[in-house]
1. Restricting to the stretch 41-77, what's the tally of residues that are modelled with pLDDT under 85 and either in contact with a strand residue (DSSP E or B) (Cβ under 8 Å, 6 or more places away or on another chain) or aliphatic (A, V, I, L, M) (or both)?
2. Among the residues of the stretch 27-48 satisfying the criterion of being over 12 Å from the mean Cα position of the chain (by Cα) and surrounded by 11 or more Cβ atoms within 10 Å (Cβ to Cβ), which is farthest from Trp65 (Cα to Cα)?
3. Can you tell me which residue among Glu63, Glu39 is more than 16 Å from the ligand (Cβ to nearest atom) and outside any loop (DSSP other than H, G, I, E, B)?
4. Here is a list: Ile3, Ile12. Which entry is in contact (Cβ under 8 Å) with a residue 40 or more places away in the chain, among the hydrophobic types (A, V, I, L, M, F, W, C) and more than 14 Å from Glu54 (Cα to Cα)?
5. Looking for something assigned to a strand (DSSP E or B), farther than 11 Å from Val7 by Cβ and modelled with pLDDT of 95 or more - is there at least one such residue anywhere in the stretch 29-36?
6. Could you please find all residues in the stretch 11-26 being within 16 Å of the ligand (Cβ to nearest atom) and surrounded by 12 or more Cβ atoms within 10 Å (Cβ to Cβ)?
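The values are calculated or read from the model by the stated rules, or taken from the named source; none is laboratory data. Keep in mind it's a predicted model, so treat the numbers as computed, not measured. FYI the Cβ positions are ideal-geometry reconstructions off the backbone, even for glycines, and counts take in every protein chain you see.
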Amino acid sequence: MSILCRVDDKHIPLYRVMWVAATPHFCGEEDCLREGFYEVRLEQDESVWASVTERDDLIAMLETWQGGLGPEQDPNW
Ligand SMILES: [Zn+2]
């Protein structure tokens with residue numbers, strides 16, 4: 001599986017993601033371009049901004065990528 005996730009206009013390697021916002025950005029500024037988007041924090045103080053579908057995709061990919069409950073794990077358990 002790919003370890004790249006598309007967010008905004010970038011392909012982000014999953015291992016660069018530090019955290020993903022649980023709530024959409026809101027700062028009250030009238031001309032804010034990020035309102036309703038979810039911050040995705042990367043290494044080295046970088047952030048990208050994901051739409052709700054991008055965020056859901058990213059979280060799903062992170063959960064799969066981190067292993068844990070992979071579908072092919074431990075077939076004889
Ligand atoms: Zn804002």
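1. Summing the residues that are modelled with pLDDT under 85 and either in contact with a strand residue (DSSP E or B) (Cβ under 8 Å, 6 or more places away or on another chain) or aliphatic (A, V, I, L, M) (or both) in the stretch 41-77 gives 1.
2. Selected residue: Cys32.
3. Just a single option satisfies the conditions, and that option is Glu63.
4. Only one candidate passes the filter, namely Ile3.
5. no
6. Ala21, Pro24, His25
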